[in-house]
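Please read the structure below before turning to the comments.
Bear in mind these aren't lab numbers, they're just calculated from the coordinates by the rules spelled out. From a predicted model like this one, the values you see are computed outputs, not experimental measurements. For neighbour counting, all protein chains shown are included, and Cβ atoms are generated from backbone atoms with ideal geometry for every residue, glycine included.
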Amino acid sequence: MVWVKSEGYSKKRVNWAGNILIDKNSSLDEKDEALRILDNWRAIHRYPMHIFKKRLKLVSEKIDNNAVSVQRLKRLPSILKKLQRVYSGEKSSMKLSRMQDIAGCRAVVSNVLLAKKLYKEGYIHSDLKHTKVSEKDYISYPKSDGYRSIHLVYKYKSNKEGKKDYNGLQIEIQIRSKLQHLWATAIETVDLFTRQAIKSNEGEKEWKDFFRLVSSAFAIMEKTPLVPNTPTDLKELYAQIKEKEKELQVIKIMKGWSSAVRVFRQVAKEKPNLKFFLLELDVLQEKLNLTGYPKEDEEHAISDYSRAEKINQNNHGYDVVLVGADKASDLEKAYPNYFVDTREFLKYLEKILNDK
């Protein structure tokens, strides 16, 4: 395989490109040049990402025969959103050249004990030649939004001719247990179908609270620390989860979405010209209606979506979503076992709901 080489852009120029792409006043010529720079900057991360993924796969499968490892380059919309992110009313100081997760790889292992073993044996007590930039154990110290995983960031380093060009590029490594991964898959699903960004801690309070509570319930199952500011009493925790699930109709809605993705996949094969899908889900009747639109009918799709939303705005038993075919495809690429993972998440959720 031929790996992309750097076109010689300085970090200052890379940062310029990032600033141009989020500046509404930038000219078309500036944006075109900025996109070329960003495309090259992202592409040169492929080789070091490949090297880290190979090692992660090797060490994770030595520890767990069922380990699954994947790699991914951050999508352009996600990069721009991160650059645009606002903290405390002020623009983030995030610069494109300092973004640590342009490229990353992830290992999912069977349980939390194996996740910690992989972390210790594979990265804490290892002789990696690459430079460790950061190390965050979100299993021992869960994030306030419920996220639990282990993150490591390394700067690639090589003395080999032809590979020195990649020195200094940062790669993020994530280590998760299966249960933590099921939780993350569910978040991605809700974000896709509700057009929220719970993953980035932006979204409706009810959904965010639901996932924080479920994360603590999963933490109890794994005998690890709970999410901050969630009930420590199991009975109270489960009661709040049941209340939120009833309010949001999580199980019925997620089952409907899962069916929709199956249809997306089938229709995309049979009718590749369809690029948008209007999903109308009658939660109470458990009925699913799907309408496809070609790319040139985007305005028609948006119009039908708006009309369906207005008609059903006070009907909490009716869910209306407009989804791009590429979005559904991205979900399956990020989570290859999407259908299995969704079913497993709901299985654990039903255990919580049925607990007496």
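With q set to 0.21 Å⁻¹, the log10 of I(q)/I(0) for region 45-177, from the Debye formula over equal scatterers at the Cα positions, is -1.32. Here's the picture: charge each Lys and Arg Cβ at +1 and each Asp and Glu Cβ at -1 in the chain, and of 308, 320, 354 the one pushed furthest to the positive end of that dipole is 354. Entry note, the chain: relative contact order of 13 percent, from Cα contacts under 8 Å with a spacing of 6+ residues. Note on the chain: GNM, Cα springs under 10 Å; of 41, 257, 16, the largest mean-square fluctuation is that of 16. Of 45, 300, 125, 130, the sequence from fewest to most neighbouring Cβ atoms within 10 angstrom is 125, 300, 130, 45. Among residues other than residue 130 with Cβ under 9 Å from its Cβ, the summed charge is +4 (Lys and Arg +1, Asp and Glu -1).
With the simple model of a label 7 Å out from the Cα in the direction of the Cβ, residue 302 to residue 262 spans 3.3 nm.
Where both bridge residues fall in region 45-177, DSSP classifies roughly 75% of the beta bridges as antiparallel. For region 205-324, the calculated P(r), taken from all Cα-Cα distances in 10 Å bins from zero up to the bin holding the longest distance, is 12, 32, 26, 20, 9, 0 percent. Measuring max minus min along each principal axis, the C-alpha atoms of the chain give extents of 64, 51, 44 Å (largest first).
Rounded to 0.05, the FRET efficiency of the residue 251 and residue 50 pair, given R0 = 41 Å and the Cβ-Cβ distance, is 0.55. Give me the extension gain from residue 235 to residue 30: residue separation times 0.36 nm, minus the current Cα-Cα distance, reported in nm with one decimal. This chain segment gains 68.1 nm when fully extended. Here's the picture: a label point sits 7 Å out from the Cα of residue 62 along the beta-carbon direction, and within region 129-163 the residues with their amide nitrogen under 17 Å of it are 129-130.
For the pair residue 285 and residue 39, label points projected 7 Å from Cα toward Cβ lie 4.7 nm apart. Computed about its Cα centre, the charge dipole of the chain is approximately 1660 debye, with only Lys, Arg, Asp and Glu carrying charge at their Cβ. For the chain, set up a Gaussian network in which alpha carbons nearer than 10 Å are linked by springs, and say which option among 268, 260, 219 fluctuates the most. It is 268. How much net charge surrounds residue 36 when only the other residues with a Cβ under 12 Å from the Cβ of residue 36 are counted, with Lys and Arg +1 and Asp and Glu -1? That sum, taken over residues with Cβ under 12 Å, equals -3.
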